[in-house]
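The values are calculated or read from the model by the stated rules, or taken from the named source; none is laboratory data. Just so it is clear, the structure is predicted and the values come from calculations on it, not from any experiment. Cβ coordinates were reconstructed from backbone atoms using ideal geometry, including for glycine residues, and neighbour counts include every protein chain displayed.
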Amino acid sequence: MHAIKVGFVGSPENISTIAEIAADYADVPLIAYMPDLSWWNESQIDIYLDAFRELMLRSHGPDGQPQHPVALAAAGLDPRTPADGPRHRQGRR
């Protein structure tokens, strides 16, 4: 396996499951693709993006280092932005 690509998976529970699986492949790069979610309810978007940041982009190994090299695409997800910080979503300002 050369990379793990994760896009929209529907729910925070699904994100959690995928993050657990990805943790078994800590040396494999993670490609995070997030499509435009403006079709979804804003509170659902916030919950989903918070879970995505926390579970997929901020997962750390026992040494405190990030588990995966991460590449981000699309909706402006920035792993340096805290889960409760400012968000940029395509199509929303």
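May I ask you to list the residues in segment 1-19 that are in a helix (DSSP H, G or I) and surrounded by 14 or more Cβ atoms within 10 Å (Cβ to Cβ)?
Restricting attention to segment 1-19, the residues satisfying the condition of being in a helix (DSSP H, G or I) are 12-19.
Within segment 1-19, P12, N14, I15, S16, I18, A19 qualify.
Can you find, within segment 35-67, the residue that is farthest from F8 (Cα to Cα) among those that are at pLDDT 80 or above and touching a Gly at 6+ places or on another chain (Cβ under 7 Å)?
Narrowing segment 35-67 to residues at pLDDT 80 or above: 35-56.
In the following step, the residues that additionally are touching a Gly at 6+ places or on another chain (Cβ under 7 Å) were identified as 35-36, 38.
On the way: P35: 7, D36: 10, S38: 13 Å.
Out of the qualifying residues, it is S38.
Does L77 satisfy being buried (at least 17 other Cβ atoms within 10 Å of the Cβ), at pLDDT below 90 and either part of a loop (DSSP other than H, G, I, E, B) or touching a Cys at 6+ places or on another chain (Cβ under 7 Å) (or both)? Please lay out each step first, then the result.
Working: buried (at least 17 other Cβ atoms within 10 Å of the Cβ): yes; at pLDDT below 90: yes; either part of a loop (DSSP other than H, G, I, E, B) or touching a Cys at 6+ places or on another chain (Cβ under 7 Å) (or both): yes.
When the stated conditions are applied, L77 passes them.
Being among the β-branched types (V, I, T) and farther than 23 Å from D36 by Cβ is the filter here; which residues of segment 1-23 pass it? Even if it seems obvious, please write down each step before you answer.
Step one: filter segment 1-23 for residues among the β-branched types (V, I, T), giving 4, 6, 9, 15, 17-18, 21.
Residues satisfying the conditions are T17, I21.
Just to verify a result, which residue in segment 20-34, among those that are farther than 15 Å from D50 by Cα and not in a helix (DSSP H, G or I), is modelled with the lowest pLDDT?
A26
May I ask you to list the residues in segment 32-41 that are surrounded by fewer than 16 Cβ atoms within 10 Å (Cβ to Cβ) and touching a residue at least 24 places away in the same chain (Cβ under 8 Å)?
Correct list: Y33, P35, D36, S38.
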